[in-house]
Amino acid sequence: MEYQVAFAVALSAVLALFLSVEMQIHSARTYPVISDSTLKISNEDRAIEHLSEALSCKTIGNATAPKGVSDSGPFKRLHDLLEASFPQIWRQLGVEKVNDYSLIFEWKGANSTLQPGLLMSHMDVVPVADTDVPKWSQDPFGGAVTDGFIWGRGALDVKITLVAILEAVEELLAAGFEPERTLLLAFGHDEETGGTHGAKAIVRRLRERGITQLHFVLDEGGVVLTDGFPPLTRKPVAAIGTAEKGQTTVEMSIATAGGHASMPPLDGSSVGSIAARILSRLDRSPINPGLVAPASDMLAAFAPEAPFYLRPLLRLAHNGLFGVLLAQVMGAMSPEASAMTRTTVAVTSLEAGVAHNVLPQEGRILFNSRVLPGETCSGVVNYLNATGAARDANRVSLRVLSAQEPSPVSDSGGPVFETIRRAILEVLPSREGEMVVVPHLVAGATDSRHYTELTEDIFRFAPLMMNKTAGDLARIHGNNERVRTADFLKAIRFYMRFIRLAFARAGV
Ligand SMILES: [Zn+2]
C-alpha cells in the first residue's frame, strides 16, 4: 500500500512538473534582419581577392620543427599579403609577432577600465596529400574564384574568419568607428598541430603585457547548418560552441607467452583472443550517456522550434530524470548525437605480430577518447581498466600518451552569448525568424582552449554556411574545400555587426 501511495505521489509530481514547464512561455528574443549602411563592404571584389590570395599561401605547420614551422616562406608571404590588403590595421593597431609567425593586434578602447574582448583565428591549414590533389576540381592552393565559390585549403578552416575579421576591422577603421572596449585580434600559426608555438605563446605574451583577464574570446568551432537539425528543426541552425570536449589517447599493451602458430593455446591466452575479449567487452558496454550542458542547453533552445510533440520533452532537458531518458535516445540516434551525450572511446590502431606463422608475444591497441564536460581523462583510464581489461588485467598495461581535459562550459544565458546571437540573427538569415541559434558542444579541439586561464566566456562560432546534406562538412580537412562568395561577404558583415555591438559604448 505504502508503495502504491508513493508511486502515485511520484507520478503526479512528474506530471505537475511536466505541465508547469510546458506552460512556461519560452520566448527567446528575436531580432530583425538588418542591411543598413554600417554593413556595407566598400569593395566586395577586393575582399574576395584578399581571401583568394590568402588561400594561395601553403601555410602548413610542422609540430616537430622549431617554432612549429619548417617552411617559413608561405607564412611570410601571407603576412606580406595581409599587410598590403589591410594597411590601416597595420598602421593603427600595432602588429606584434609572437614566435615570428603568430600575430596580435590591439585596437585600444576609449574606456581602459573595461576588460578587452578578443577575436581569434589561425593562419595555418592542414596539408593536402599528393594522392588527393587529383580529386580536387581546383588547385588546393590556387585560390581560384569560379562558379560563385572561392576554392582552396583554408576556405572553411579557417582563413575565411582570418580574412573576414580583418576586412571587418579595416572597414570599421575607415568608417571612423571608435571602440569603447579594447579589441584584441590574435591569429595563431599552428592550430592544426597543437597551438603550442601560436595560441599558447600568445596567451603568455598577453599576460606579459599585463592582460590577465579578457571579457570574452570568440574563436571558430560551431557553424551554421543550413539544412537544419532534423527532426528538431528544418530551419538553418547556428551553433555557438560553449564548450569543447577533452581528449585523451591511451595505449593498451598486451603481453603473453607467444609460441608457434600451429599450436594455439586452448585457454584464450593468445594476443588475438585477449584483444578480442577486451574489444567486445568495450563494445558491449560503452561509457554511459548523460545529458549535461551544453547538450542540455542545446535541446532546451530547440524547444520552441521543434515539432509540438517533442517540445515538452525538450523543455525537460535540464531535468535529471528526463535528461537520462533523452541521453539514451540521443545516444542511439546517430554518431553525432551520441558524441554530444557521452565520452566516446574509439580504437584507432591495432598492432601485433612479426611473422605469419608466429603467435605474437606483444600487442598494442590505441584508444582515442573524447571526454564529455564534467568527466575526466582519468575516468577513461578507469573505464578501460575496469570494463576492458577486467579479467585479463594481469596481461594488460595502460599508458596515457596524451590527455587534455574538457573545457569549462561558458554561459549561454549571459550578455556575450546574446550579443553573438543577435549579430547572427541580424545578419546571416535572409528573413527574420528563419534561423535558430543554439549552444553547442564542440567535439574537436580549437586554439581557444589555451585561453581558459584568461576568461570563462569562450565562444566558438565561425559564420560558415554549411549544408550537411550537400556534403559541406566533409570538405573541412577534405577535398574541394570552398566557400560561396556570397557567404564569405556575409561572414565579413557578421563580424562588422558583432564588433559594433560588442565594442561600442552600449556594448556588452
Ligand atoms: Zn581550424
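Within region 195-206, which residues are of a type outside the set (A, V, I, L, M, F, W, C) and over 19 Å from THR161 (Cα atoms)? Across region 195-206, the qualifying residues are THR196, HIS197, LYS200, ARG204, ARG205.
How many of the residues in region 447-473 are of a type in the set (S, T, N, Q) and either under 17 Å from THR196 (Cβ atoms) or within 16 Å of the ligand (Cβ to nearest atom) (or both)?
2
Within region 344-375, if we keep just the residues that are of a type in the set (Ser, Thr, Tyr) and in contact with a helix residue (DSSP H, G or I) (Cβ under 9 Å, 6 or more places away or on another chain), the residue that is farthest from THR248 (Cα to Cα) turns out to be THR344. For region 100-115, a residue qualifies if it is in a loop (DSSP other than H, G, I, E, B), away from the ligand (no atom under 16 Å from the Cβ) and within 26 Å of GLY194 (Cα to Cα), and exactly one does: ASP100. Scanning region 480-494 for residues that are among the basic types (Lys, Arg) and either touching a Pro at 6+ places or on another chain (Cβ under 7 Å) or surrounded by 20 or more Cβ atoms within 10 Å (Cβ to Cβ) (or both) turns up ARG482, LYS490, ARG493.
Looking only at region 426-477, which residues are assigned to a strand (DSSP E or B) and either of a type in the set (Phe, Trp, Tyr) or more than 16 Å from the chain's Cα centre (by Cα) (or both)? If you could, list the steps in order and put the result at the bottom.
Here is the first cut: in region 426-477, the ones assigned to a strand (DSSP E or B) are 436-442, 458-466.
The answer is VAL436, PHE459, PHE461.
Consider region 354-367 and keep the residues that are surrounded by fewer than 18 Cβ atoms within 10 Å (Cβ to Cβ) and in contact (Cβ under 8 Å) with a residue 12 or more places away in the chain. The one that is nearest to MET298 (Cα to Cα) is LEU366. Is it the case that some residue within region 406-413 is under 15 Å from GLU220 (Cα atoms), out of contact with any Gly (no Cβ under 8 Å at 6 or more places or on another chain) and within 16 Å of the ligand (Cβ to nearest atom)? The answer is no, given that none of the residues of region 406-413 is under 15 Å from GLU220 (Cα atoms), out of contact with any Gly (no Cβ under 8 Å at 6 or more places or on another chain) and within 16 Å of the ligand (Cβ to nearest atom). In the set (1) loosely packed, with under 10 Cβ neighbours inside 10 Å; (2) modelled with pLDDT of 50 or more, the condition left unmet by THR38 is number (1). Is it fair to say ILE476 is within 30 Å of GLU405 (Cβ to Cβ) and within 15 Å of the ligand (Cβ to nearest atom)? Spelling it out, ILE476 is indeed within 30 Å of GLU405 (Cβ to Cβ) and within 15 Å of the ligand (Cβ to nearest atom).
Scanning region 116-134 for residues that are within 16 Å of the ligand (Cβ to nearest atom) and outside any loop (DSSP other than H, G, I, E, B) yields a count of 5.
If only one of PRO289, PRO264 is outside any strand (DSSP E or B), surrounded by fewer than 22 Cβ atoms within 10 Å (Cβ to Cβ) and in contact (Cβ under 8 Å) with a residue 40 or more places away in the chain, which one is it?
Numbers: PRO289 fails: surrounded by fewer than 22 Cβ atoms within 10 Å (Cβ to Cβ).
On inspection, the qualifying residue turns out to be PRO264.
May I ask you to verify whether LEU173 is surrounded by fewer than 22 Cβ atoms within 10 Å (Cβ to Cβ), of a type in the set (A, V, I, L, M, F, W, C) and more than 15 Å from the ligand (Cβ to nearest atom)? Yes; evaluated as a whole, the condition is true for this residue. Tell me yes or no: at least one residue of region 199-207 is assigned to a loop (DSSP other than H, G, I, E, B), touching a His at 6+ places or on another chain (Cβ under 7 Å) and assigned by TED's automatic domain parsing to the domain that holds ASP100. Among the residues of region 199-207, not one is assigned to a loop (DSSP other than H, G, I, E, B), touching a His at 6+ places or on another chain (Cβ under 7 Å) and assigned by TED's automatic domain parsing to the domain that holds ASP100, which makes the answer no. Every test in (1) crowded, with 24+ Cβ neighbours inside 10 Å; (2) on the phi < 0 side of the Ramachandran plot is passed by GLY152 save one, and that test is (2).
Inspect all residues belonging to region 249-262 and state whether any of them is of a type outside the set (Asp, Glu) and under 21 Å from the mean Cα position of the chain (by Cα). Looking for residues that are of a type outside the set (Asp, Glu) and under 21 Å from the mean Cα position of the chain (by Cα), one finds at least one in region 249-262, hence yes.
With among the aliphatic types (A, V, I, L, M), in a strand (DSSP E or B) and either at pLDDT 95 or above or buried (at least 20 other Cβ atoms within 10 Å of the Cβ) (or both) as the only criterion, which of LEU326, LEU384, LEU350 stands out? Give the derivation first.
Numbers: LEU326 fails: in a strand (DSSP E or B); LEU384 fails: in a strand (DSSP E or B).
Being among the aliphatic types (A, V, I, L, M), in a strand (DSSP E or B) and either at pLDDT 95 or above or buried (at least 20 other Cβ atoms within 10 Å of the Cβ) (or both) holds for just one of LEU326, LEU384, LEU350, which is LEU350.
The combined condition, being over 17 Å from PRO231 (Cα atoms) and assigned to a helix (DSSP H, G or I), is not fulfilled by SER338.
The values are calculated or read from the model by the stated rules, or taken from the named source; none is laboratory data. The shown structure was predicted, so the numbers you read here are calculated from the model rather than taken from an experiment. For neighbour counting, all protein chains shown are included, and Cβ atoms are generated from backbone atoms with ideal geometry for every residue, glycine included.
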